[in-house]
1. I'd like the full set of residues that are closer than 18 Å to Gln186 by Cβ and out of contact with any helix residue (DSSP H, G or I) (no Cβ under 6 Å at 6 or more places or on another chain), limited to region 78-120.
2. Quick one: would you say Thr151 is touching a helix residue (DSSP H, G or I) at 6+ places or on another chain (Cβ under 6 Å), free of Cβ contacts under 8 Å to residues at least 12 places away in the same chain and either under 24 Å from Ala53 (Cα atoms) or loosely packed, with under 13 Cβ neighbours inside 10 Å (or both)?
3. For region 191-212, how many residues meet the condition of being over 19 Å from the mean Cα position of the chain (by Cα) and at pLDDT 90 or above?
4. Just the residues that are touching a residue at least 12 places away in the same chain (Cβ under 8 Å) and under 18 Å from the mean Cα position of the chain (by Cα), please, taken from region 126-141.
5. Give me the residue from region 91-125 that is without any contact (Cβ under 8 Å) to a residue 24 or more places away in the chain and β-branched (Val, Ile, Thr) and, out of that set, surrounded by the most Cβ atoms within 10 Å (Cβ to Cβ).
6. Would you mind finding the one in Leu144, Leu122, Leu136, Leu94 that is modelled with pLDDT under 95, under 30 Å from Lys74 (Cβ atoms) and either touching a strand residue (DSSP E or B) at 6+ places or on another chain (Cβ under 7 Å) or of a type in the set (Asp, Glu) (or both)?
7. Please go through (1) closer than 20 Å to Phe99 by Cα; (2) over 17 Å from the mean Cα position of the chain (by Cα); (3) modelled with pLDDT under 90; (4) not β-branched (Val, Ile, Thr) for Lys23 and return the number of the only condition it doesn't satisfy.
8. Specify the residue that is surrounded by the fewest Cβ atoms within 10 Å (Cβ to Cβ); the eligible residues are those in region 19-63 that are among the small types (Gly, Ala, Ser) and not in a helix (DSSP H, G or I).
Amino acid sequence: MTIRINKLHYRVLAIVLVYGILKFFGGSFGRMALYPVTLLVTFLHEFGHALAAIITGGHVLGMQINPDGSGLTKSQGGSHAIILMGGYLGSAILGNLLFYIGAKKPKMTQLTLMVLAFLMLLAGVVWFQSLVSTGLLVVFATLLWVLAKRTDWDQQVLMFLGLAAVLYILEDFSVGPSGDLAMYEQTVGGSSVIWMYLWACLAGLLFIWNLRQVFRS
């Protein structure tokens, strides 16, 4: 089988290298440079909880995004098990979707950034929890809106944010959803360690499938 190398391969490789250098060798500068990715992953995680609550018949009481990268979504009703899974797996799905659109749908990248900005702004206002949380979402939404409307970087930004978010999720799977896993264990039984690896496997398989779609000729 012959693998044809094109510009997309190089772009993805460059994103992975930049992310890896910043994450593992960047020190304080790397953490600062990847701070938007941290906040994006937190938002996608909490939005996944909120979306799962709405889909299963519940409603969202509030969403909190903290400056340290932690978050909390309060909901009422719906399927508790699906809502808990919605954070980790939902953020994996949304991160892969952003990456796919950035890589394969260049005509949709500007609109996608604008929709993402609108969702952040909407979440900060409708599911208001604190001025700090809403302020972070408003600033991030404004930045994405400016990038979408005032620059030609929308495709590169969307690819980087989507791919970096997926890599972040896969790398930190044992840390990020630890609270969700403990509550999931109480809700459905089993071992949180087993659920942790199962969720990670599902996210990994989704990423592999997405890469196959992206690099399909």
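1. If the condition is that a residue be closer than 18 Å to Gln186 by Cβ and out of contact with any helix residue (DSSP H, G or I) (no Cβ under 6 Å at 6 or more places or on another chain), then Ser79, Met85 are the ones that fit.
2. Details: touching a helix residue (DSSP H, G or I) at 6+ places or on another chain (Cβ under 6 Å): no; free of Cβ contacts under 8 Å to residues at least 12 places away in the same chain: yes; either under 24 Å from Ala53 (Cα atoms) or loosely packed, with under 13 Cβ neighbours inside 10 Å (or both): yes.
When the stated conditions are applied, Thr151 does not pass them.
3. 1
4. Residues satisfying the conditions are Ser133, Leu136, Leu137, Val138, Phe140, Ala141.
5. Val115
6. Details: Leu144 fails: either touching a strand residue (DSSP E or B) at 6+ places or on another chain (Cβ under 7 Å) or of a type in the set (Asp, Glu) (or both); Leu122 fails: either touching a strand residue (DSSP E or B) at 6+ places or on another chain (Cβ under 7 Å) or of a type in the set (Asp, Glu) (or both); Leu94 fails: either touching a strand residue (DSSP E or B) at 6+ places or on another chain (Cβ under 7 Å) or of a type in the set (Asp, Glu) (or both).
None of the other options fit; the residue is Leu136.
7. All conditions are met except number (2).
8. Gly57
The values are calculated or read from the model by the stated rules, or taken from the named source; none is laboratory data. What you see is a predicted model; the values in this text were computed from it and never measured. Positions of Cβ are generated from backbone atoms using ideal geometry, with glycine treated the same way; all protein chains shown enter the neighbour counts.
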